[in-house]
1. What are the residue pairs meeting all of these: first residue in the stretch 170-196, first residue closer than 18 Å to SER119 by Cα, second residue part of a loop (DSSP other than H, G, I, E, B), Cβ atoms under 8 Å, and 6 or more apart or on different chains?
2. Which count do you get for residues in the stretch 122-140 that are in contact with a helix residue (DSSP H, G or I) (Cβ under 7 Å, 6 or more places away or on another chain) and among the aromatic types (Phe, Trp, Tyr)?
3. I'm told LYS104 meets every condition in (1) surrounded by fewer than 16 Cβ atoms within 10 Å (Cβ to Cβ); (2) over 18 Å from GLU185 (Cα atoms) except one. Can you identify the failing condition by its number?
Amino acid sequence: MPSWVKDYELLSGLAVVIASAFGFFIKRTFFRSKEVSMNTPTSSTQSITINNSNAQSHSASTPPVASSKSRVRQDVRILFIDDDKTFKVVKIIKNANWPCVSIKRDIKDLDAPEIRDVSIFFIDIQGVGKALEFSDEGLGLALAIKRKYPGKKVVIYSAQTTGERFHPALKEADALLPKNAEPYEFIALLERLTDI
């Protein structure tokens, strides 16, 4: 075998080793990981790490938004106080994944455990508050609940388009809605009140 062939084989083998090392260096330098973090420099330069892990491993460390919304919805207790126990919005809210929604015709005791556990009250103006003899019916009940439990949310709603406009309950309530508002408006209000 001529000597130039042996030299060529040696050089081509050396070229493969150099190319592999260069490729490894490029891969290691530019394709480390997707996560960017600034490391404390040991010399005068800073390094950036990029983590190219797939989305599944990333979602394991960061909870998906949907599951955190679901947890909030599981924890929020919502009570509608309405003399119309067939108010359809209640069922629609339950179907929108707010499982802890209930409706009562009226309240007999502001200290009852089912009242203390509620996070958000929706109170109709007419036909409720009579059990506790509020002269202003639902407005009086809403004001009493808001003052007794200032950390709880109180939403006043009514089908009535005229009436008391300066009642203190209207100023202290967290929100007001017409009873004939679209169901999505009730749901959007719930999301706003719970910050989800």
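The values are calculated or read from the model by the stated rules, or taken from the named source; none is laboratory data. Nothing here was measured: the structure is a model prediction, and the numbers come from that model. In this analysis, Cβ positions are derived from the backbone assuming ideal geometry, glycine residues included, and neighbour counts consider all displayed protein chains.
1. From residues that are closer than 18 Å to SER119 by Cα, the pairs are ILE187/ALA96; ILE187/TRP98; LEU190/VAL76; LEU190/TRP98; LEU193/ASP174; THR194/VAL76; THR194/SER119.
2. Of the residues in that region, 1 qualify.
3. (1)
Yes/no matrix, rows are residues, columns are (1) of a type in the set (S, T, N, Q); (2) within 19 Å of ARG77 (Cβ to Cβ); (3) not assigned by TED's automatic domain parsing to the domain that holds PHE122:
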{"position": "PHE134", "(1), (2), (3)": "no, no, no"}
{"position": "LYS153", "(1), (2), (3)": "no, yes, no"}
{"position": "SER158", "(1), (2), (3)": "yes, no, no"}
{"position": "THR162", "(1), (2), (3)": "yes, no, no"}
{"position": "LYS179", "(1), (2), (3)": "no, no, no"}
